[in-house]
Amino acid sequence: MPAKDMSELVSLCQRRGFIFQSADIYGGMKGLYDFGPLGVELKNNIKRSWWSNMVYERDDVEGIDSAIIGPSITFEQSGHAATFNDPLTECRECKSRMRTDKMADPTKCETCGSKNLMEPRAFNMMFKTQYGPTEDSGSVAYLRPETAQHIFMNFKNVLDTTSRKLPFGIAQIGKAFRNEIIARNFVFRVREFEQMELEFFVQPGEDEKWHEYWLETRLKWWESVGVPREKIKVVDVAKDDLAHYSKRTFDLEYEYPHGHDEVEGIANRTDYDLGNHTKNQSELNLTAHVHENTKSNARLAVQDLEAKKWVVPYVIEPSAGLERAFLAILNEAYTEETLPAKEGKDAETRLVLKFKPHLAPIKAAVIPLAKNKPELVNLAKGIKADLQKLGLGRIIFEDTGNVGKAYRKHDEIGTPLCVTVDFDSLEDNAVTVRNRDTMEQQRIQIADLSAYLRKFYTL
Ligand code: ATP
């Protein structure tokens, strides 16, 4: 049962330390967010799951981590300088700015309802910056609006150092920046975000088959992180709405609290990007219309020995936003349950985040039953230290002295297991392990605890 509306997610994220407004002590900056102690763990776990699925579990993908700033030539060649625009309009009455393609009624101001709007104009979303100590046209650079261009620029480096043959991919997770006209819907549309991108290079002619393959593969991954297929609408983007580089794109639209909206795009970028960045463009049989006269010093092509020619691969790109994934995964995990009345206690509701265990920010909380009992505290600390060594992720020592409260907190932040150390533990060398989802409690020998957790987290 997902959240009823976005405000429930926002409030939970602030209350428990998942996400904070950036620079909030100075009034905040719209469209920028900071991830807190739990948010950073969830984010890292999502990235790890994506990387594992896209790189480690395959034998045809390599990873990179490139620079964030790129020279202006990169984005001139890629088409972003000329075409990475959104249509901007401004209300003459209240001065609000809006993106006309996202307005329900593009003739009416979303803020004050006035029809006195300016003609839409193209607004380039790239963040411009200056590179080095001199301020001339040669020092203009951009914060990358997608991680992809740096993957294309590294195509030959990766090819030469790994001896890859088609088909193969290059994956990257990292920051991207877009000066969105309106940042809205919490972390859904922000100005600084992370992308998880794969550029998968294939023989021209095999692109359509691989495009279908990646759609299916990505839907499986979304399922593995708790976002079921029936919550994702696959949209075959209409020709007129395609990005400037795309031959065909599938948008995966998740059912967010604010409505269906894009969580991932899977595009067939053809030979457009490598074609734009390669030297000897005129000698290569490019199918995409590219910007000529690149100053690139590398041939971004593979050799077809039989046909004795150079081939510029086509590329299929599954590109997912980490913040949008975070929000979808959080929303799917969000559960309010009614616990029936029992033993004189009234029925109550509990809020629990039912994350898949591998995504949970905290893997286990070790809780001594009483706060000021050194024997219990020391035993609990020792257990925490031992469990931490398993490498499963963060284990915490929770010294609140109130087990009921600790259970409620860990339900709310999605900790799959709580390990309670009580006075009997000092005698029988056993602890109580409570399961987040079933709320069942089980007595387990301390000596068996590591094996129990290892098994729990590998299931
Ligand atoms: P939209 O139409 O929502 O602006 P887009 O089609 O421009 O998105 P792409 O260029 O396909 O987005 O980028 C790939 C992915 O990067 C998107 O599917 C999304 O998950 C993420 N993304 C893009 N823009 C933003 C943003 N402003 N904030 C958060 N994530 C974003």
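Below is a table of values for the structure above.
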quantity	calculated
Extreme residue, farthest from residue 86 (Cα to Cα), among residues of segment 132-177 that are away from the ligand (no atom under 16 Å from the Cβ) and in contact with a Pro (Cβ under 7 Å, 6 or more places away or on another chain)	166
Subset of segment 320-368 [open to solvent by 20 Å² or more (accessible area, probe 1.4 Å), of a type outside the set (Asp, Glu) and either over 23 Å from residue 417 (Cα atoms) or out of contact with any strand residue (DSSP E or B) (no Cβ under 7 Å at 6 or more places or on another chain) (or both)]	324, 340, 341, 342, 344, 345, 347, 356, 357, 358
Residue count, segment 25-41 (criterion: surrounded by 13 or more Cβ atoms within 10 Å (Cβ to Cβ) and away from the ligand (no atom under 16 Å from the Cβ))	6
Enumeration of residues in segment 150-177 that are farther than 24 Å from residue 123 by Cα and in a helix (DSSP H, G or I)	151, 152, 153, 155, 156, 157, 158, 159, 160, 161, 162
Out of 389, 384, 371, sole residue that is loosely packed, with under 15 Cβ neighbours inside 10 Å and modelled with pLDDT of 95 or more	389
Residue among 197, 180, 212, 208 that is near the ligand (Cβ under 9 Å from one of its atoms) and either part of a loop (DSSP other than H, G, I, E, B) or over 20 Å from residue 48 (Cβ atoms) (or both)	180
Within segment 308-352, tally of residues that are aliphatic (A, V, I, L, M) and either more than 16 Å from the ligand (Cβ to nearest atom) or more than 21 Å from residue 50 (Cα to Cα) (or both)	8
All positions within segment 215-250 that are among the polar types (S, T, N, Q) and away from the ligand (no atom under 13 Å from the Cβ)	217, 224
Residue match in segment 264-272 (condition: away from the ligand (no atom under 14 Å from the Cβ) and assigned to a strand (DSSP E or B))	yes
Segment 86-103, residues that are out of contact with any helix residue (DSSP H, G or I) (no Cβ under 8 Å at 6 or more places or on another chain), open to solvent by less than 50 Å² (accessible area, probe 1.4 Å) and in a strand (DSSP E or B)	90, 91, 98, 99
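The values are calculated or read from the model by the stated rules, or taken from the named source; none is laboratory data. As the structure is a computational prediction, the values presented were derived from the model and not from experiment. Note that we place each Cβ from the backbone using ideal geometry, even for glycine, and neighbour counts take in every protein chain shown. To get the accessible areas, we keep the full protein, side chains included, count just its heavy atoms, and leave off ligands, DNA and RNA. Shrake-Rupley method; radii C 1.70, N 1.55, O 1.52, S 1.80 Å.
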